[in-house]
Amino acid sequence: MLHAATVSCRPAYLSASGPTPRREPEVTAYTVIRTKVHDPEAYSTFVERVTALMPEFGGEFVVRADRCVTLEGEAPDIVVIQRFPDMGSAQAYYDHPEYQEALSTVSGACTRKVVIVEGVS
């Protein structure tokens, strides 16, 4: 199973032994996916499989676009933004065995950059 690298967003001035900030209520999380497609047929099959799994985790599409204006960097073929109730739900969706199995079948069919970010509370 692939695991995403987790980067702490805790302010640097709060050391590990320092004060603990108040626990904020869970905020909406978004996955931002930039994709370059090399094999449209295989990629389409992958998308069908993982899209069917998304509602189980409270996920929904916010953006599914193959038309975008790139202002900096390399242009992706597709940009997808998905909304989830919280970071845990988004991570659980990605880590789900069905998602991981589908991901393994699309290797080579696309190049993706995927991040999970918290929304603004």
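For T105 and T70, what is the calculated FRET efficiency with R₀ set at 41 Å and r taken between the beta-carbons, to the nearest 0.05? It would help to have the intermediate numbers written out before the result.
Working: r = 28 Å, r/R0 = 0.69.
My answer for the efficiency is 0.90.
Per 0.36 nm of contour for each residue apart, how much would the distance between E56 and D77 grow if the chain were fully extended, relative to their Cα-Cα spacing?
Working: separation 21, 0.36 × 21 = 7.56 nm, distance 2.71 nm.
4.9 nm is the gain from fully extending E56 to D77.
Multiplying the sequence separation of E118 and D39 by 0.36 nm and subtracting their Cα-Cα distance, what value in nm do you get? Display every interim value, and only then the final one.
On the way: separation 79, 0.36 × 79 = 28.44 nm, distance 3.10 nm.
Between E118 and D39, full extension yields 25.3 nm more.
Packing order of peptides 47-56, 87-96, highest average first: 87-96, 47-56 (average count of other Cβ atoms within 10 Å over each peptide's residues). By DSSP, the beta bridges lying fully in segment 29-118 are antiparallel in about 95 percent of cases. Normalising the average separation of contacting C-alpha pairs (under 8 angstrom, six or more residues apart) by the number of residues puts the relative contact order of segment 29-118 at 53 percent.
Relative to its residue count, segment 29-118 spans a Cα convex hull of 88 Å³ per residue.
A short reminder: the numbers here are calculations on the coordinates, not readings from a lab. On a predicted model such as this, the values are computed, not experimentally measured, just so you know. We place every Cβ from the backbone using ideal geometry, glycine too, and count neighbours over all the protein chains shown.
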